[in-house]
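So the structure is just underneath, and the comments pick up after that.
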Amino acid sequence: MKLSRNSWILIIAFICLLLFFSILFFLRSEPEYCSKVDISLGTTVKVVVSSEKDAGLIVDAVLREFHRIEKKFSVTDSKSVISLINKSDHPVEVDEETAFVIERSLALARATEGAFDPALGNLITLWGFDRITNNDFEPHIPSDNEIEEALGKSGYENVLIENDVVILENSVKLDLGAVVKGYAIDRGISIVREMDPDATGYIDAGRDIGIIGPKFGGDYWSIAIQDPRGDSGEYIDVVYLKKGTIVTSGDYERFFILDGERYHHIINPKTGYPVRKTISTTVISPDAMDADAFSTAAFVLGGEFSAVLLPVLGGQGLFMNSEQEMSQTEGWSFFQEKR
Amino acid sequence: MIGIKSHVKCRQWKLFQKRDILLYLIILLFVVIVIFWGYPSLKGNTVLVSINGVVQYHFSLDDEGTKRIESNGKKLMDLLIADADMRIIDSQCPLHLCERGTLKQAGVLVCVPQEVIITIERQGEPVKQTDEIDLITG
């Protein structure tokens, strides 16, 4: 077929255009993200990593770390270190990592004046929140006497640790469930950075999020905060992070409804009953373990007090009370814009 | 000037000469294919359902209807496939948190108590370079 001169010009122009866009496509060097989802620590764990090294290997290493931590710090696994400490009626010598996690938890309990308390094991078991995802879980409301008794066997002041030896007094039981997810996120981020300091991505453990590095190496991750009373996809705010962690505590994740009343898993260490005045708290902090503890503490303390306390401890927060009124720390607005 | 101009033979630009139509059609077809290639859709994707870390079921998102998920002869949940999307319905878990949202919204559906993970079969994670929401906390 003989083509006209104009057609030849068009063909050449088209090929040039195609070449131009092909070169652009290959030069943009947009990192591809390797992503895996698993179940650990009683929740969904999603690890998303982009690396010039083997991203799949890095993701697997992070997930293995989550499973290791779950096995070690679970309260329901009878062979875990925490179960061994809780069952023992004498001082228990623990490894360096366990000592660190317990000491850090106690420090966070002191910093929040006990609003976060890692020694509420008896209360949590009494309410059944440690078994709430089991298929045979049957909700019940403990009596006032039972709660009074469990309160007497609770409180971080009864946990002593010295030279890696843990002593539990007054029959208290440890439950690190409120911080161990955060600790696992922190460990996961450390592992990624050890394997590739330039890796980017994030770890999302049950919607507690730790940022490994900026999106595509330089951009912000847009993180929406779920409306605690809205449907999936309804948000109360959006923040932008390139680093750090963000954790939310809500009354809508682990709860049961009995006689029309909602009973959720965040227990007030002073009353022994689920907290009523707050329905959602979100905290941004450099470390996920701290964010986890601060979020729980803010839930117990309420927005007004937390708005003052959190920045002193190194966090920023957004709070919603039971009237669905929102409040926030002064520094929260910093994260509401890309800057 | 007028005299000179009258001697210049002006060639008219004819974009649609009869013999070139086939060429233009080929280019048009190519552009259409490229556009549809890049159009994001879950249609045609295979969904993997793993229970306790082992892939037990494969479904095509084109295969609309309700699928029953079982383990050891016991029903765990139903999956509803419609409009190239999927959601969990009638889960046997206590909290039913897995019934919130769809596969298209979340990218993955998980039932923690029954250790069921539902993902789309693909290698890379399509993180978009836009102002859309990347992650949700809470």
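The values are calculated or read from the model by the stated rules, or taken from the named source; none is laboratory data. Model, not experiment: these values are computed from the prediction. Neighbour counts are summed over all protein chains in view; Cβ atoms, including those assigned to glycine, are modelled from backbone coordinates with ideal geometry.
The table below gives the values:
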read-out: All positions within segment A:106-137 that are outside any helix (DSSP H, G or I) and either more than 21 Å from A:TYR183 (Cβ to Cβ) or within 14 Å of chain B (Cβ to nearest Cβ) (or both); value: A:GLU113, A:GLY128, A:PHE129, A:ASP130, A:ARG131, A:ILE132, A:THR133, A:ASN134, A:ASN135, A:ASP136, A:PHE137
read-out: Any hit, segment B:21-31, residues being surrounded by 11 or more Cβ atoms within 10 Å (Cβ to Cβ), modelled with pLDDT of 75 or more and either away from chain A (no Cβ under 14 Å) or touching a strand residue (DSSP E or B) at 6+ places or on another chain (Cβ under 7 Å) (or both); value: no
read-out: Those residues of segment A:8-43 which are farther than 30 Å from B:VAL55 by Cβ, at the interface with chain B (Cβ under 10 Å from one of its Cβ atoms) and at pLDDT below 75, in sequence order; value: A:ARG28
read-out: Only one of A:ALA298, A:ALA307, A:ALA288 that is closer than 25 Å to A:GLU148 by Cα and among the hydrophobic types (A, V, I, L, M, F, W, C); value: A:ALA298
read-out: Qualifying residue in segment A:80-97 (condition: buried (at least 18 other Cβ atoms within 10 Å of the Cβ), touching a Pro at 6+ places or on another chain (Cβ under 7 Å) and within 18 Å of A:ALA184 (Cβ to Cβ)); value: no
read-out: Evaluation of A:VAL172 against (1) buried (at least 18 other Cβ atoms within 10 Å of the Cβ); (2) in contact with a Pro (Cβ under 6 Å, 6 or more places away or on another chain) (one fails), failing number; value: (2)
read-out: Pair list, Cβ < 6 Å and 6+ apart or interchain, from segment A:53-66 residues that are farther than 17 Å from A:ILE211 by Cα to residues that are among the hydroxyl-bearing types (Ser, Thr, Tyr); value: none
read-out: Members of segment A:223-237 found to be facing another protein chain (nearest Cβ under 7 Å), modelled with pLDDT under 95 and farther than 14 Å from A:THR281 by Cα, listed by number; value: A:SER232, A:GLY233
read-out: Hits in segment A:185-203 - residues which are of a type outside the set (A, V, I, L, M, F, W, C) and either assigned to a helix (DSSP H, G or I) or buried (at least 23 other Cβ atoms within 10 Å of the Cβ) (or both); value: A:ASP186, A:ARG187, A:GLY188, A:SER190, A:ARG193, A:GLU194, A:THR200, A:GLY201, A:TYR202
read-out: Residue in segment A:155-176 that is within 19 Å of the chain's Cα centre (by Cα) and modelled with pLDDT under 95 present; value: no
read-out: Any strands (runs of 3 or more DSSP E) falling wholly within segment A:242-301 and containing at least 1 residues that are acidic (Asp, Glu) and not assigned by TED's automatic domain parsing to the domain that holds A:THR43; value: A:261-264
read-out: Unique match (being touching a strand residue (DSSP E or B) at 6+ places or on another chain (Cβ under 6 Å) and at pLDDT 95 or above) among A:VAL300, A:VAL283; value: A:VAL283
read-out: Enumeration of residues in segment B:75-95 that are outside any strand (DSSP E or B) and under 18 Å from B:SER50 (Cα atoms); value: B:ASP90, B:SER91, B:GLN92, B:CYS93
read-out: One residue from A:LYS243, A:LYS277, A:LYS270 being closer than 26 Å to A:SER154 by Cβ and either out of contact with any Gly (no Cβ under 7 Å at 6 or more places or on another chain) or at the interface with chain B (Cβ under 10 Å from one of its Cβ atoms) (or both); value: A:LYS270
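To keep it simple, each residue is scored yes or no on (1) closer than 25 Å to A:THR133 by Cα; (2) away from chain B (no Cβ under 11 Å); (3) without any contact (Cβ under 8 Å) to a residue 12 or more places away in the chain.
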residue: A:LEU151; (1), (2), (3): yes, yes, no
residue: A:SER171; (1), (2), (3): no, yes, no
residue: A:ASP175; (1), (2), (3): yes, yes, no
residue: A:LYS181; (1), (2), (3): yes, yes, no
residue: A:ASP196; (1), (2), (3): no, yes, no
residue: A:TYR202; (1), (2), (3): no, no, no
residue: A:ILE211; (1), (2), (3): no, no, no
residue: A:PHE216; (1), (2), (3): no, no, no
residue: A:TYR220; (1), (2), (3): no, no, no
